[in-house]
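J.: The structure that follows is given in the form of structure tokens.
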Amino acid sequence: MQPLIAKRFRFFIRISAFLLKEMLEIMRQPLLLLTLVAGPFLILLFFGIGYRNDARALRTIFVLDDNDSAVAKKLDEYAKTLGPQLIFAGKTTDLTEAQDRLRQGEVDLVAQLPNNIYNTILNNQQAVFHLFHNEVDPFQVDYINVFARVYINEVNRRVLRLLTSEGQIDLSQAQDTIDAAKESADSLSKLLQRCAETLAEAGRGAECDSNTAMEYTQDLSQKTDELSQIIEQDLRFEEALQREFGDGESTPDAAEDEITLRQIRDRLQSLERFADDIDQYEAQLETLTKLDTDLDGLEARMQDFLNIDPNILVSPFRSEVSSIATVQYKVNDFFAPAVIVLLLQHLILTFAALSMVRERQLGSMELFFVAPLSALETLIGKYISYLIFGAVLAAVLLSLIVFGMGVPMLGSWLSVSLVVLAVLFASLGIGFIISLISQTDTQAVQYAMIVLLTSVFFSGFLLGLNTLWQPVRIISWTLPATYGILLLRDIMLRGTALDLSIFMPLVAFGAGLFILAWWLLRRSMQKI
């Protein structure tokens, strides 16, 4: 029994020995422990501080047919007061010029205003705002679509408020008033016809029901007054549309309506003298015929507005969003260049981070010191070897996504190659610096993982740089992946030339890292 118990205790003693050994091994590396705990925490902290959920403001240039139109004159006032997410970047009459500025990144959006808005609305159609963008990010494309709907709804709301303030009413009551007026005129016409026939048969002195005729005349006059008020409101509504969306001048139809109303009032005054001019039946009948013709004309004019769909009056504008790019992108097309850059950076950085650590562990650093080999020659040799390896790896990955997955390659392969080499060059600098400050393989790998985690959050891989607070973007510009993602997306998906304003800082950044790595290596070799 005793040997069995002793055997079991020895089992736990041996296990506890390994436990103590590993705990002490971890505690001997306080820098690694601090990195493992504080690194991810600091990354999340800075990301939380720097992330901005504000809607992106879009620099928008407007394209019109005529800079002297009523819409052009009101554009400055409307565009600058619609909201903070729309930055008014000017107006032009040249759509091609505006789209060129969009391709060059000078503006974010081109808004082409519809032509002949006034007649389009009268023709029972919505006027269309055409919006053009050059985005390849699917999230930004969705944002622009929402942006277009929100701002078109705001324009529609302002137009509706304008028309309401101008006294626009339900014009359908005009039809009922015209029908009632025509019915009164028809009744009066029949009465006058009977009076004329009685006068012809009985001769002068025959009596006619002048009281009934006067009632019909007064009823017709009342209906005409109601119609006059409706027409005046119709004219104000039409003038409001014309003032906002037309050429600013009164339409011929509006002037004709005013003339017709005056003619109707004159004819009614003539009919009201019926009792005094009892012998003038034929003249009164002719007046009623002309009056009926005038009412028919007003009825035809009313139909122009009665035929407008209420939905058009409430929402006279709509938007259509389209891209100036020649290729329609899928989500994997957008993320493919970023994945390539992130993979290349991490793999090459990790290999370089392990390089010098292993040299020290194998004792090769002592051989480098006694051999006629300088730190600069050592570093250049390692750079070239890893650059060749990384270039072959990049060629394989790019071939797979372009020819295997069908990701567009609209730009130059030479430009892509230069960007890849620059990313590899800068990533090697970070890797060798990590290798020279690390004591073990574990430290080097963990530092490399911290760089990868930082790149996922701050390089623009998942979220655009515009979502980060400006001071926090400093972290982004210390990562080779940030430069590579921006450059490769533009070259591959937009077909643009190599942007030297981004490429040259990447090369300079890589050169600075190379100099720092050389200085650390030389100091390390001198201490041996």
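J.: Testing the spin-label approximation: label points 7 Å from Cα along Cα→Cβ at residue 150 and residue 80. State their distance in nm.
T.: Taking the simple label geometry, residue 150 and residue 80 are separated by 2.2 nm.
J.: Kirkwood hydrodynamic radius (Cα pairs, Å) of the stretch 393-501?
T.: 15.3
J.: How long is the gain from residue 385 to residue 124 if the chain were fully straight, where each residue apart is worth 0.36 nm and the alpha carbon distance is subtracted?
T.: 86.9 nm
J.: Which peptide among 475-488, 331-344 comes first, and what is the full order, when sorted by highest mean count of other Cβ atoms within 10 Å?
T.: 475-488, 331-344
J.: Take the stretch 330-526, compute every pairwise Cα distance, and split them into 5 Å bins from 0; I just need the percent in each bin.
T.: Pairs per bin, as whole percents: 1, 8, 16, 19, 19, 14, 10, 7, 4, 2, 0, 0.
J.: Give the residue from 513, 469, 403 lying farthest towards the positive end of the charge dipole for the stretch 330-526; charges sit on Cβ (+1 for Lys and Arg, -1 for Asp and Glu) and the dipole is referred to the Cα centre.
T.: Among 513, 469, 403, the one farthest towards the positive end of the dipole of the stretch 330-526 is 469.
J.: Please give, to one decimal in nm, the separation of the simple spin-label points placed at residue 467 and residue 53, each 7 Å out from Cα toward the Cβ.
T.: Calculated label separation equals 1.2 nm.
We did not get these values from a lab; they are worked out from the coordinates using the rules stated. All figures in this text were calculated on a predicted structure; none of them were measured in a lab. Cβ coordinates were reconstructed from backbone atoms using ideal geometry, including for glycine residues, and neighbour counts include every protein chain displayed.
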